[in-house]
Amino acid sequence: MPLYLTEDQAMLRDTARDFMASEGAIATQLRKWRDMNCKDGFGHALWRQFGEMGFTGILVDEADGGLGLGPVEAGIVLEEIGRNLTPSPFLITAVAAVEALRGSALRERWLPGILKGEAVAALAVDEGPKHRPEAIAMTAERSGNGFTLSGRKQFVVQGASADFILVAAKMEEGAALFAVEKDAKGLEVEGVRLADSSIGARMTFDNVEVDGDALVGGEEVLARVLRAARTGAASEMVGVASGAMDMTVNYLRQRRQFGRLIGEFQALQHRAAHLYSELEIARAATLKAQQLLDEGSAQAEAMVHVAKAKAGRVSTLAVQEGVQMHGGIGMTDEYDIGLYMKRDRVLNELFGDPNYHADRLARLNGY
Amino acid sequence: MPLYLTEDQAMLRDTARDFMASEGAIATQLRKWRDMNCKDGFGHALWRQFGEMGFTGILVDEADGGLGLGPVEAGIVLEEIGRNLTPSPFLITAVAAVEALRGSALRERWLPGILKGEAVAALAVDEGPKHRPEAIAMTAERSGNGFTLSGRKQFVVQGASADFILVAAKMEEGAALFAVEKDAKGLEVEGVRLADSSIGARMTFDNVEVDGDALVGGEEVLARVLRAARTGAASEMVGVASGAMDMTVNYLRQRRQFGRLIGEFQALQHRAAHLYSELEIARAATLKAQQLLDEGSAQAEAMVHVAKAKAGRVSTLAVQEGVQMHGGIGMTDEYDIGLYMKRDRVLNELFGDPNYHADRLARLNGY
Amino acid sequence: MADLEAFRAETRSWLEANCPPEMREPMKSEEDACWGGRNPVFKSEAQRQWMKRMAERGWTVPDWPRDYGGGGLSPAETKVLRQEMARINARNPLYSFGISMLGPALLKYGTEAQKKRFLPEIARGEIRWCQGYSEPNAGSDLASLQTKAEDNGDHWLVNGQKVWTSYADKADWIFCLVRTDSQAPKHKGISFLLFDMASPGVSTKPILLISGYSPFCETFFDDVKVPKDQVVGEVNKGWDVAKYLLGHEREMISGMGLGGTGGSLGTALKERLEGDPILRADVARFDVDAMAFKAMSEKFIDELKAGQAHPAQPSMMKYAGTELNKARHELVMAAGGADALEWESELSRGGKAAREWLRTKANSIEGGTSEIQLGIIAKRILDLPGA
Amino acid sequence: MADLEAFRAETRSWLEANCPPEMREPMKSEEDACWGGRNPVFKSEAQRQWMKRMAERGWTVPDWPRDYGGGGLSPAETKVLRQEMARINARNPLYSFGISMLGPALLKYGTEAQKKRFLPEIARGEIRWCQGYSEPNAGSDLASLQTKAEDNGDHWLVNGQKVWTSYADKADWIFCLVRTDSQAPKHKGISFLLFDMASPGVSTKPILLISGYSPFCETFFDDVKVPKDQVVGEVNKGWDVAKYLLGHEREMISGMGLGGTGGSLGTALKERLEGDPILRADVARFDVDAMAFKAMSEKFIDELKAGQAHPAQPSMMKYAGTELNKARHELVMAAGGADALEWESELSRGGKAAREWLRTKANSIEGGTSEIQLGIIAKRILDLPGA
């Protein structure tokens, strides 16, 4: 597969770009929900529009009513989401949860709602301040035909708005992923607003009983879901970085100081060019990871670590340069560039920061 | 003590600067010995001049015929050595060895020769490619009134020209430092030219017998000697960085491209200014470490790690920027800037690189 | 030296007797700072007392002349006072742009009448000042400012807009750069004007920052009348005063960076670094940089006192100090992980880590951007040609 | 597609039969490369055979037209040939600036006579070319070159000096930028000239590099007579040819960076990283960067082939690739420690690590410095204003 978009993919990108720039724009989505202190942090109407556009079904098999497309196409939508900071359940619900439900008995229960942009899922993995899925403490014990879940989770994005929660727990045979309905007995959910005004949740599972079908998969499935989620987050960060860079380069072309456009200053030119170069590399790494995932390649695991780490570092560079080059107004809430900085910070933490992924890559490489 | 040079120290600096710029200049020292493939890598005549100038006695107690000065003064001389890439035994002999001999019975044997710039010492600590004095494998066993030494050493600077070698070995009660004469039975020395055309040595100690006096000290003395050597190397690197930066800034003021002096290009201006800033910080850290050593402060240990790590990183930055900003001619053997790059590399490795010292500082700080 | 030791003993016992115990504890937030003013807000009686007692001795500005409300202390004595205050962790009794910025300018450029009129009020914390420099189209290029003061015979008539006026909404007076000659080259038509923020025609509007804090304002002047004797220095030579002051501001900002770099960051984050080897590596390197910069700060202050510092060295301190502080907060956020992302929760103390992290991004912008400082270093210290 | 598979099968069996086993092993050093030339130096009979057999099929330049000595292969067939060569680790049969640089320029700008005359010799490895661009006062500012070619009616008379002429002392012919109109603006008076290095008046002097290597020369022209028909493209429009070629050079250099980044650096240095946690962190980050850049290289090549690459993208590849390669060698040196500092010892294979490390420092200088590339990106891709 060549490392650029096919014609179909380029068409999808154009569609997603237009849609997100109009319907998902910062002023009408992120700022709106933020300023009204919305408990969900996103708009349900837009989520239904995602359904109408077919975005929610990108990864859903055609047999289940979806488009049956792959990680590259999901990444295309996520990049546009990132570029517009569009708040939506897309990454967790339409990517991670759809990946988790693939082949599960719960498909019929949840996929129709997801396709329509009605159902919202959450993915509960982290138990401490950092992403450490290798050390899950939450337990799942067999009881009768089902399981009893106990433990705590945090940083569960959209956890407070979710109809069901995919939760990672430890069984004797290793980690596994369970689907828990939002009103399960013994489940307590506390929504917390995050820096980017999305909503995360802290969750307590106090002997929550689920039936046998709730087990959507074991370690392999958890790993697959995480790969999808991480690559998706990488795409979203490529979008965040692109949005921040474009905004900044535009500013360099317009702002005058000392009788010149500041984009004429060579020091800023070189830094912008360096950023461009890094961003192109991050985009290539992310696309490569998606293609390898699509091919089911054994090298996908490593490349996913690379993509999440590289996109994270580049996105951070983009927002830092963005704020600094905007100068004072970059620090004001009125301008959007600061919103990119906040979103970047959250996406960097989500599903492992660049340090985590560099470390995992090193272990994979035997050092 | 204020963190700048006293009047006496400033006078010493002026003297050392004039001396090194004339007698120790690159053309007449480093290039001369290098081009004739000198087996010592330095000139004995210059070393005697060091003696005549009193430099060799800076750290020697007045009672022993020296100047009885401290680490700040030794650092002043080393900075000028660094600036001119002057090859000399000063760091190892007049700093490390003098520090080792302080209070030892061997003072009378070696100090007179050192004071005159005749005797040359070596300090043999490393046993592998990296500086790891915490893990010395070489053994010293008591035998009669003396000791038997067995093991291997490498990266022993001036080891092939030394009259005696201070060698770190492990006893039951911990590491210790021994003085071994160059013609000791069982000692094999192989001189190796290093990238900066100084000479290091690989050494084999095959049951080398030494008498009781040869034990110059235990772990405390080894630690003290290493602190002195590391801080001295930091000063020399500050000198290397200063020399490289001055040469580069001068070039920026003279070289024309695109009808302008390249020093007018803002990207280069900012990078040069950043380098200046880092270099000032490295200089301050090194001076602070020297003052704390002089005061016998408990904080000296940490600050020595800081100085060696910071000076090392800054010196590397200086030579990298130096070569890059010189462009093509920076790559030629004919110009001096490349010699700074080589010297920096060796000094960075000597007595622990910045990674080693940052790691030790972290351990000292409990993480 | 004997005198100095006597002064130290005396100071120590006075502080022991007069510094309330509450004022020996670190501030919990910026809001615990005492700023004085016409209608001062004290957080506690102890805070009020502490300011008042220090002001009575002139020790809010220990090295200013006694005639102007200062302590009249020598540099050596001032240092002893600072040391003794540090010894008991005494808080700064009075935060004030009057002390840190306007005062030095008045001492150097003010008329005797101006000094007598304004300095004692500053020393006593009775008037709170703000600084009117930046404008929407005059950021890094400060001298391109457009706010106009027209000579109307018996008064100046001021019209225009300032931005980034810290605490303009809480200040009593403003020191302000205004254009008094629009025909002259841009640096030559500027004057340094003082006026009361209660004057008719002055209005302010707070600026909300990305951190959620709002210490800055936009400040608007609409036909504000200012008495003729309230220009500092010569008319149209205000740029000299401003440059002098900017140096002071840089020193202050570069000094602020130091506050945070006392101990090892790695020690503070210890538990968070276990199992995160790459973050540990970054923090170890940061600790090297921070301790080295701390030595640099000491050296800079020692050289300043001895008159040995290069006049442009504050630019280097400002640059390095603010970049370091930004790096520190990036590491704190990485160590804090998801906990540090919470924006309003109690657990995160209202998003303290995140808000402080965002606030540091302004460090390298306010008081002259990092780019401006690098340009100054290149030109004035490295003597590089052109621009 | 069926045709392509037939071609693959055929190619595979031909290679199997004709590529000597010695030519299926990696080169031990740069000196094992086959450069051809008038008086070629072959390291082995196998090397000679391999070049000859490939040249006979036109496969030293598989995608050039058959008329000019090429293989006449389609892009798809060329790719298959490369894949099949890679499959058996076949060495490049012929290294040549004629192939990588002059050839593309002749194909685009040469007359039919020039193509017929020069290209087949290049394809057969019979003439070794060198490039005469840089001059002592024309480095990054290449167009300010001063070497002069005077129109003497029936020939050009060339006088001047070039520098950084790779292997000028071993080359048979030179392609050279010369000034043919000293009155015109600097980009408009340059021509692209070809001539024999054996011409009277040509002399060379090797330049010793800090690595101890000496692949470059200073090249002097003293009244060198050059036939009039040896200008490529129009007289005074040589800058167009040069720009076209510089793009190719950048691609080649950015491609060179890739050779080294195949596997994980951390895996290669594994033992050296134990007990060096901070170096391990740096290497882990480098591996992220290197694998990401490898993906970028694939993407770039795919986009080039599809005609989708931005025309200035080679600048970005050259910048990022060379900086990455420098970073790699810094890490290799840090891991190598004292062993890697030895300059002549057997153990260090004659200081291989150190010399290669020093050699990489030229990567970001030759073929347009990193600063030049960043300027091109800023201007041509980001569309930033001014110079």
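The values are calculated or read from the model by the stated rules, or taken from the named source; none is laboratory data. None of the values given here were measured: they were computed from a predicted structure. In this analysis, Cβ positions are derived from the backbone assuming ideal geometry, glycine residues included, and neighbour counts consider all displayed protein chains. Remember, those area values only see protein heavy atoms, side chains included, never the ligands or the DNA or RNA. Shrake-Rupley method; radii C 1.70, N 1.55, O 1.52, S 1.80 Å.
Structure values in brief
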item	result
From D:Ala168, D:Ala149, residue being open to solvent by less than 20 Å² (accessible area, probe 1.4 Å) and either assigned by TED's automatic domain parsing to the domain that holds D:Gly37 or not in a strand (DSSP E or B) (or both)	D:Ala168
Extreme residue, nearest to the chain's Cα centre (by Cα), among residues of region B:355-367 that are buried (at least 24 other Cβ atoms within 10 Å of the Cβ) and more than 9 Å from chain D (Cβ to nearest Cβ)	B:His357
Residue satisfying condition, being open to solvent by 20 Å² or more (accessible area, probe 1.4 Å) and within 14 Å of another protein chain (Cβ to nearest Cβ), within set A:Ala105, A:Ala160, A:Ala124	A:Ala160
Search result, residues across region D:171-187 that are away from chain B (no Cβ under 14 Å) and part of a loop (DSSP other than H, G, I, E, B)	D:Ala171, D:Asp172, D:Thr180, D:Asp181, D:Ser182, D:Gln183, D:Ala184
Pair list, Cβ under 7 Å, 6 or more apart: region B:324-337 residue among the acidic types (Asp, Glu), other residue open to solvent by 10 Å² or more (accessible area, probe 1.4 Å)	B:Asp333/D:Leu208; B:Asp336/B:Ile26; B:Asp336/B:Met247
Top-ranked residue of region D:1-13 - restricted to ones that are without any contact (Cβ under 8 Å) to a residue 24 or more places away in the chain and part of a helix (DSSP H, G or I), ranked as most open to solvent (accessible area, probe 1.4 Å)	D:Asp3
Criterion: in a loop (DSSP other than H, G, I, E, B) and under 30 Å from B:Arg363 (Cβ atoms) - qualifying residue of D:Gly275, D:Gly350	D:Gly275
Those residues of region C:267-283 which are surrounded by 23 or more Cβ atoms within 10 Å (Cβ to Cβ), among the basic types (Lys, Arg) and either away from chain D (no Cβ under 12 Å) or in contact (Cβ under 8 Å) with a residue 40 or more places away in the chain (or both), in sequence order	C:Arg272
Filter result (of a type in the set (Phe, Trp, Tyr) and touching an Asp or Glu at 6+ places or on another chain (Cβ under 9 Å)) within region C:22-74	C:Trp50
Set B:Asp196, B:Asp246: member being surrounded by fewer than 18 Cβ atoms within 10 Å (Cβ to Cβ) and not aliphatic (A, V, I, L, M)	B:Asp246
Failed criterion for D:Leu324 (all others in (1) at the interface with chain B (Cβ under 7 Å from one of its Cβ atoms); (2) in contact with an Asp or Glu (Cβ under 8 Å, 6 or more places away or on another chain) hold)	(1)
Residues located in region D:284-326, provided they are open to solvent by 40 Å² or more (accessible area, probe 1.4 Å), farther than 17 Å from A:Val306 by Cα and at pLDDT below 95	D:Ile301, D:Leu304, D:Lys305, D:Ala306, D:Gly307, D:Gln308, D:His310, D:Pro311
Residue ID - nearest to the other protein chains (Cβ to nearest Cβ), chosen from residues in region D:353-374 that are in a helix (DSSP H, G or I), among the aliphatic types (A, V, I, L, M) and open to solvent by 10 Å² or more (accessible area, probe 1.4 Å)	D:Leu374
Which listed residue, of B:Ala282, B:Ala272, B:Ala309, B:Ala289, is open to solvent by less than 10 Å² (accessible area, probe 1.4 Å), facing chain C (nearest Cβ under 10 Å), in contact with a Pro (Cβ under 6 Å, 6 or more places away or on another chain) and in contact (Cβ under 8 Å) with a residue 24 or more places away in the chain	B:Ala309
Residue match in region B:121-130 (condition: more than 13 Å from the chain's Cα centre (by Cα) and of a type in the set (Asp, Glu))	yes
Only one of B:Ala105, B:Ala45, B:Ala97 that is under 26 Å from B:Val180 (Cβ atoms) and assigned to a helix (DSSP H, G or I)	B:Ala97
Residue check for D:Val231: of a type in the set (A, V, I, L, M), modelled with pLDDT of 95 or more, out of contact with any Lys or Arg (no Cβ under 7 Å at 6 or more places or on another chain) and closer than 30 Å to D:Ala149 by Cβ	yes
Selection count, region D:28-52, where residues are open to solvent by less than 70 Å² (accessible area, probe 1.4 Å) and either part of a helix (DSSP H, G or I) or within 23 Å of D:Thr78 (Cα to Cα) (or both)	10
Test: residue in region A:347-354 that is crowded, with 22+ Cβ neighbours inside 10 Å, free of Cβ contacts under 8 Å to residues at least 40 places away in the same chain and more than 11 Å from A:Ala234 (Cβ to Cβ)	no
Boolean, C:Glu330 is part of a helix (DSSP H, G or I), in contact (Cβ under 8 Å) with a residue 24 or more places away in the chain and within 11 Å of chain A (Cβ to nearest Cβ)	yes
Single residue of region C:128-146 satisfying the filter (of a type in the set (Gly, Ala, Ser), within 14 Å of another protein chain (Cβ to nearest Cβ) and open to solvent by less than 10 Å² (accessible area, probe 1.4 Å)) that is farthest from C:Pro227 (Cα to Cα)	C:Ala138
Residue list for region D:210-253, restricted to those being part of a strand (DSSP E or B), of a type outside the set (Phe, Trp, Tyr) and either buried (at least 21 other Cβ atoms within 10 Å of the Cβ) or touching a Cys at 6+ places or on another chain (Cβ under 9 Å) (or both)	D:Cys217, D:Thr219, D:Val224, D:Val226, D:Val231, D:Val232
Some residue of region A:293-300 being open to solvent by 20 Å² or more (accessible area, probe 1.4 Å), within 9 Å of another protein chain (Cβ to nearest Cβ) and touching a Leu at 6+ places or on another chain (Cβ under 8 Å)	no
Unique residue being outside the structural domain of B:Ile92 (by TED's automatic domain parsing), among the small types (Gly, Ala, Ser) and open to solvent by 10 Å² or more (accessible area, probe 1.4 Å) when the list is B:Ala228, B:Ala233, B:Ala241	B:Ala228
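Yes or no, residue by residue, for (1) on the phi < 0 side of the Ramachandran plot; (2) open to solvent by 20 Å² or more (accessible area, probe 1.4 Å); (3) at pLDDT below 95:
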residue	(1), (2), (3)
B:Asp14	yes, yes, no
B:Thr28	yes, yes, no
B:Trp33	yes, yes, no
B:Asp40	yes, no, no
B:Gly65	no, yes, no
B:Gly75	yes, no, no
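A quick yes/no check of all residues on (1) assigned to a helix (DSSP H, G or I); (2) of a type in the set (Asp, Glu):
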position	(1), (2)
A:Ile281	yes, no
A:Ala307	yes, no
A:Arg313	yes, no
A:Asp344	yes, yes
A:Gly366	no, no
